[in-house]
Amino acid sequence: MEVEMENSTLSVTGESSIPGSDVQEQNPVSSVQPTLPQPTQPVVPPVINPVVPPLAPIPVVPSSLVRPLAPLPVRPPVIKPPVPQNGDVGSSDSESDGDDGHTRINKGTGEYEISEESKLVRERQEKAMQDLMMRRRAAALAVPTNDMAVRARLRHLGEPITLFGEREMERRDRLRMIMAKLDADGQLEKLTKALEDEEAATSAPKDEAEDDLQYPFYTEGSKSLLDARIDIAKYSLVRAALRIQRAQRRRDDPDEDVDAEMDWTLKQAADLNLEFSEIGDDRPLTGCSFSRDGKGLATCSLTGASKLWSMPNVKKVSTFKGHTERATDVAYSPVHNHLATASADRTAKYWNDQGSLLRTFDGHLDRLARIAFHPSGKYLGTASFDKTWRLWDVETGEELLLQEGHSRSVYGLAFHHDGSLAASCGLDALARVWDLRTGRSVLALEGHVKPVLGISFSPNGYHLATGGEDNTCRIWDLRKKKSLYTIPAHSNLISQVKFEPQEGYFLVTASYDMTAKVWSGRDFKPVKTLSGHEAKVTSLDVLGDGGYIVTVSHDRTIKLWSSGTPSEQAMDVD
C-alpha cells in the first residue's frame, strides 16, 4: 500500500514532464533518484519563454498612440469649411438650418456647421471677387484717351463731366469704372449704340447759327466785380512799370551797388536783438501787424479782442471789441491807419484807429483764418475754412469775388506788390496764384507734403515764399514756375512767412518751435535766430525799413526785435 501511494505521488509530480511513462514495481528509493534530475531540465525552457512576451508589445506602442489622432481631421471643417473654395455654396445654402443661426453642410458622411462669422467672411470674399472681376472687365474696355472725348462720353452717360479737383487720368478712370458697371448690368451695348448715333449726328453739317452759338465755361460776375478788375488792372500796370523802371535804373546806374546794400541790410539783420517784451493779453496771441508809418502796432488774441499799441515803446493805446469768437488775424491798411480783423465767428471787421467799427464783412460759411489788404487799400481779402477766399470792397462792404479752387480749407492769403496777383494756400498742401484782372488760376504750386499755412510775395516781383506743416519753407520762382529753394527751416510747423517789404533782402519765418528765423534773400542761408518765446510763435510782421520785427506767441507776449540802427541810417523807404 505504501509503495502504491509513493508511486502515485511520483507519477503526479512527473506527469507534466513524463506523461506517458509506466511505473514498474521497484524499490521506491531507486525509482525516485533517477527521475528527479530528468524533469528539471525540461522545466528550464518554460522559465525562459515567459521573458520573451514583454518584448513583443514594444511594436504595439505606436498603434496605441495613433488611435487618439483619428478624430482630429474632423475639426478643420467646423472652423473654416472648405465649401466656399470648392464652389459648394449653393448646396450649403439650401441645407441651412435657421433655428440656431448656423448653416449645416452635408459632405460625405460628416455634417458641419458654419457660424455667422464664417458667413461674413464668405460675403467679404464674394464682394472682393466681384470687385476683382469688375476691375478686370474695366481694364478690358476701350476708353477714350482724349480728355474732351472723355468729358463728352460722361455727359452722354448722364454723369458729371468733372469733379472738383479731378485730373484727366482720374476722370478717365472714373469713366472706365462707370462703363464696367454698365457692362455688368447689360446696359453698355444700348448706351454704346446710342452714343454712336449721337456721334454720327454731331458729325453731320451744322447750321451757321449753331456754329456761332457758344456757351461760356465760367461763372458770370457782377458789374461791381468787372469794375474792380478794371481798376486793379489800371493800378497794377502803373505799379509794374514803376518797379521795372526802378530795377533797370539800379542795374544801369554805376553808383548803385545792390550787393553792397544787401550785405549791409543782412548785417543789420544779423544784429537783431530783443528790445521790448510785453504781455499782450490774457490768452494766447494769434496775429500782429505794423501800421504803414511804423508808429502803430496791432495785435489780436483768442479772447476776440484786438489791441492797438504805440511804437517803439509798445504801450497800449486802445482795445477793439466786437467779435463773438476768437480773433484769428489782424492787418493794417497800406494807405491809412485803419485796420481789419478776422475771427472764428465767420466775419471780418473794419476799424478806424480810434476803435470805432466802420464795417462788417459777413458771408463766409466757416471760420476765417488769415486776411490781407490789396496794395491799393480798396479791397480786402479773407481766407476761410469753407474752402474759399473772398474779395471785399472796403468802402461798400460788398462781396466782389467768391473764389473756389482749393479742395480743403484755405488758410493763407497774400497780394502781389503790384496788385495784379493774389496767392492763396491751404490745408490741401497746395499754393495757387490768381490773376485778379482776369480771374484765372495762373499757377498751382505743388511741392509741400503737408498743409501750407504761410505765404508771402517778394518785392522783387518774381519770388514767392510758402511755409507749412512739413517744417520747410519753399521759395518759388514765378518766371520758371517751379520751386527754386527748399529751406529745412524749423523743427516744427511754420506758422507765418514774411519778406522784408522794401527790397526783399531777407525773409523771416515763424514756427511752433518757439523761434523765428531770418534768412538771406540772396541765397536763403540763415542769418539770425530770434529766440526768446516760451511757446509756439503764431505770427510776425516786418516794418517797412526792415529795422523792426515783431513776433507774437501763445505765451501771450509781444516781442519787438531791433537792430539798434539809428533812424537816419535806416534803409530808405520809397
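The values are calculated or read from the model by the stated rules, or taken from the named source; none is laboratory data. Keep in mind it's a predicted model, so treat the numbers as computed, not measured. Neighbour counts run over all protein chains shown; Cβ positions are idealised from the backbone, glycine included. When the accessible area is computed, the model is the full protein with side chains, heavy atoms only, and any ligands, DNA or RNA have been set aside. Shrake-Rupley method; radii C 1.70, N 1.55, O 1.52, S 1.80 Å.
All but one of (1) open to solvent by 20 Å² or more (accessible area, probe 1.4 Å); (2) under 39 Å from the mean Cα position of the chain (by Cα); (3) farther than 25 Å from residue 534 by Cα hold for residue 347, so report the exception by its number.
(1)
Restricting to the stretch 242-273, give me the number of residues that are surrounded by 15 or more Cβ atoms within 10 Å (Cβ to Cβ) and not in a helix (DSSP H, G or I).
1
In this structure, does residue 143 turn out to be open to solvent by less than 70 Å² (accessible area, probe 1.4 Å) and within 16 Å of residue 178 (Cβ to Cβ)?
Details: open to solvent by less than 70 Å² (accessible area, probe 1.4 Å): yes; within 16 Å of residue 178 (Cβ to Cβ): yes.
So residue 143 fits the description; yes.
(1) charged (D, E, K, R); (2) open to solvent by less than 40 Å² (accessible area, probe 1.4 Å); (3) at positive phi: which one isn't true of residue 556, the others all being true?
Just one mismatch for residue 556, condition (2).
With respect to residue 126, is the statement that it is at pLDDT 85 or above, part of a helix (DSSP H, G or I), open to solvent by 80 Å² or more (accessible area, probe 1.4 Å) and out of contact with any Lys or Arg (no Cβ under 9 Å at 6 or more places or on another chain) true?
Values: at pLDDT 85 or above: yes; part of a helix (DSSP H, G or I): yes; open to solvent by 80 Å² or more (accessible area, probe 1.4 Å): yes; out of contact with any Lys or Arg (no Cβ under 9 Å at 6 or more places or on another chain): yes.
Judged against the criteria, residue 126 is a match.
Return a yes/no flag: does the stretch 514-524 have any residue that is surrounded by 22 or more Cβ atoms within 10 Å (Cβ to Cβ), among the small types (Gly, Ala, Ser), assigned to a strand (DSSP E or B) and under 23 Å from the mean Cα position of the chain (by Cα).
For the stretch 514-524, residues surrounded by 22 or more Cβ atoms within 10 Å (Cβ to Cβ), among the small types (Gly, Ala, Ser), assigned to a strand (DSSP E or B) and under 23 Å from the mean Cα position of the chain (by Cα): absent.
Can you give me the number of residues within the stretch 376-387 that are crowded, with 22+ Cβ neighbours inside 10 Å and under 31 Å from the mean Cα position of the chain (by Cα)? Let's see the steps before the verdict.
Narrowing the stretch 376-387 to residues crowded, with 22+ Cβ neighbours inside 10 Å: 379-384.
Within this subset, residues satisfying the condition of being under 31 Å from the mean Cα position of the chain (by Cα) are 380-384.
Going through the stretch 376-387 one residue at a time, the tally reaches 5.
For residues that are open to solvent by 20 Å² or more (accessible area, probe 1.4 Å), part of a strand (DSSP E or B) and in contact with a Phe, Trp or Tyr (Cβ under 7 Å, 6 or more places away or on another chain), tally how many sit in the stretch 525-540.
So the count comes out to 2.
Touching a Lys or Arg at 6+ places or on another chain (Cβ under 9 Å) and either at pLDDT 90 or above or not in a strand (DSSP E or B) (or both): is that true of residue 324 in this structure? Quick ask: steps written out before the conclusion?
Values: touching a Lys or Arg at 6+ places or on another chain (Cβ under 9 Å): no; either at pLDDT 90 or above or not in a strand (DSSP E or B) (or both): yes.
Against the criterion (touching a Lys or Arg at 6+ places or on another chain (Cβ under 9 Å) and either at pLDDT 90 or above or not in a strand (DSSP E or B) (or both)), residue 324 does not qualify.
Take residue 298 and tell me if it is part of a helix (DSSP H, G or I) and open to solvent by less than 80 Å² (accessible area, probe 1.4 Å).
Details: part of a helix (DSSP H, G or I): no; open to solvent by less than 80 Å² (accessible area, probe 1.4 Å): yes.
Answer is no for this residue.
Which condition number does residue 239 fail, the rest of (1) surrounded by fewer than 16 Cβ atoms within 10 Å (Cβ to Cβ); (2) within 21 Å of residue 544 (Cα to Cα) being met?
Residue 239 satisfies every listed condition except (1).
Do we find that residue 349 is within 16 Å of residue 290 (Cβ to Cβ), in contact (Cβ under 8 Å) with a residue 12 or more places away in the chain and not aliphatic (A, V, I, L, M) in this structure?
no
For (1) in contact (Cβ under 8 Å) with a residue 24 or more places away in the chain; (2) touching a strand residue (DSSP E or B) at 6+ places or on another chain (Cβ under 6 Å); (3) under 20 Å from residue 546 (Cβ atoms), each residue gets a yes or a no:
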| position | (1), (2), (3) |
| --- | --- |
| 245 | no, no, no |
| 250 | no, no, yes |
| 256 | no, no, yes |
| 261 | yes, no, yes |
| 264 | no, no, yes |
| 272 | yes, yes, yes |
| 278 | yes, yes, no |
| 281 | yes, yes, no |
| 285 | yes, yes, no |
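Residue under question is residue 413, and the condition is that it be open to solvent by 30 Å² or more (accessible area, probe 1.4 Å) and closer than 20 Å to residue 349 by Cα; does it hold? Don't jump to the end; show me each part of the working.
On the way: open to solvent by 30 Å² or more (accessible area, probe 1.4 Å): no; closer than 20 Å to residue 349 by Cα: yes.
Criteria not met by residue 413.
Table: residues versus (1) open to solvent by less than 30 Å² (accessible area, probe 1.4 Å); (2) in contact with a strand residue (DSSP E or B) (Cβ under 7 Å, 6 or more places away or on another chain); (3) assigned to a strand (DSSP E or B).
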| residue | (1), (2), (3) |
| --- | --- |
| 392 | yes, yes, yes |
| 396 | no, no, no |
| 434 | yes, yes, yes |
| 456 | yes, yes, yes |
| 483 | no, yes, yes |
| 486 | no, yes, yes |
| 489 | yes, yes, no |
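Tell me which of these residue 418 doesn't satisfy, since it passes every other one: (1) open to solvent by 30 Å² or more (accessible area, probe 1.4 Å); (2) assigned to a loop (DSSP other than H, G, I, E, B); (3) under 30 Å from residue 233 (Cα atoms).
(1)
Within the stretch 352-362, can you find the residues that are of a type in the set (D, E, K, R) and touching a residue at least 40 places away in the same chain (Cβ under 8 Å)? Outline the logic, then answer.
Filtering the stretch 352-362 down to residues of a type in the set (D, E, K, R) leaves 353, 359, 362.
Result: 353, single match.
Sort out which residues of the stretch 314-356 are among the hydroxyl-bearing types (Ser, Thr, Tyr) and farther than 18 Å from residue 397 by Cβ, and write them in order of number.
Just the residues of the stretch 314-356 that are among the hydroxyl-bearing types (Ser, Thr, Tyr), to begin with: 318-319, 324, 328, 332-333, 341, 343, 347, 350, 356.
Selection gives 318, 319, 324, 328, 332.
Of the numbered conditions (1) touching a His at 6+ places or on another chain (Cβ under 8 Å); (2) closer than 24 Å to residue 542 by Cβ; (3) of a type outside the set (Ser, Thr, Tyr), residue 417 satisfies every one except a single condition; which is it?
Checking residue 417 against (1) touching a His at 6+ places or on another chain (Cβ under 8 Å); (2) closer than 24 Å to residue 542 by Cβ; (3) of a type outside the set (Ser, Thr, Tyr), the one that fails is (1).
Inspect the stretch 323-337 for any residue being aliphatic (A, V, I, L, M), over 24 Å from residue 498 (Cα atoms), open to solvent by 10 Å² or more (accessible area, probe 1.4 Å) and over 28 Å from the mean Cα position of the chain (by Cα) and give the result as yes or no. Spell out how you get there, then give the answer.
Pass one, the stretch 323-337, residues aliphatic (A, V, I, L, M): 327, 330-331, 335.
In the following step, the residues that additionally are over 24 Å from residue 498 (Cα atoms) were identified as none.
There is no residue in the stretch 323-337 that is aliphatic (A, V, I, L, M), over 24 Å from residue 498 (Cα atoms), open to solvent by 10 Å² or more (accessible area, probe 1.4 Å) and over 28 Å from the mean Cα position of the chain (by Cα).
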